[in-house]
Amino acid sequence: MIRYLSKKGKFLLAVDADADTNLPETLGCENVKTVGDAKESLQVEIKKPRPDNPDMNKESILKSKVYEVIEEMPGYDLLVMGRPEGTGCYCYVNNLLRGIMDKLIVNYDLVVIDAEAGLEHFSRKILRDIDDLLVVTDASRRGFQTAERIRELVNELDSNVGRIHVIANKVTDANRQEIVKLAGELKLNLIGVIPLDPKIEEMDIKGIPLFEIPDDSVAAVEIEKIVQKLGI
């Protein structure tokens, strides 16, 4: 999706919010800096006396650190959360990051966030103010039931999510009809069904970035349809 939108001239901020960072590799970005890498530096900066600028607060310091780790790529910028060092957690950084995201996103046409699988980002309200939430699942009943739980949780919480969609991934001709039927039974908005794409499997095992996938790839064609349905 990032590939397609950047080629269409949309200026994007891509955020890898998964501690198991693999979006940069998928996009073909190497040796990226992360918010996790900057965490210790951030804490040191906060403790420094600032007689020249006593009003500089934690949010301002974090904002400057975040701009330092944003990778500028052709057509999009990349912000990677990464993971904290040692036994540290993201609670402190996440709380501050939420406060500056609103100021960051005004510089971009769109923000695409790759979030960790599961419910934590929503239960802890790390992700808020979302126009379109895309829940990607494999072609399994358990995956669709998880998508259903995400929808229920988002509706219970004050997360300000606009539309919730489900994308079925790695679907075969043999299970496609059953997947569509299951989504209907659970009343899930199935916005796209991405076929199992041998080309992607081949590229992945060889470590080739998905930005190099051909336009006629069956997965790329379906992603284009999904973006068009989203109207972005």
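What region 130-231 shows is 59 Å² of accessible area per residue, with the surface traced by a 1.4 Å probe over protein heavy atoms. Taking 7 Å steps out from each Cα toward its Cβ at Ser60 and Ser140 produces label points 5.0 nm apart.
Taking every protein chain into account, the 1.4 Å probe leaves Asp132 with about 40 Å² of accessible area, to the nearest ten. The convex hull defined by the C-alpha atoms of region 130-231 has an orientation-averaged projected area of 7.2 nm².
Here the spin labels are modelled as points 7 Å beyond Cα on the Cα-Cβ line, and at Asp215 and Ile105 they lie 3.1 nm apart. Add +1 for every Lys or Arg and -1 for every Asp or Glu among the other residues with Cβ under 10 Å from the Cβ of Ala17, and state the total. Here the count lands on -4.
The values are calculated or read from the model by the stated rules, or taken from the named source; none is laboratory data. Predicted model only: the values in this text are computed from it and were never measured. Counting neighbours? That spans all protein chains shown, and the Cβs are built from the backbone with ideal geometry, glycine included. The area values use the complete protein model at the heavy-atom level, side chains included, leaving out ligands, DNA and RNA. Shrake-Rupley method; radii C 1.70, N 1.55, O 1.52, S 1.80 Å.
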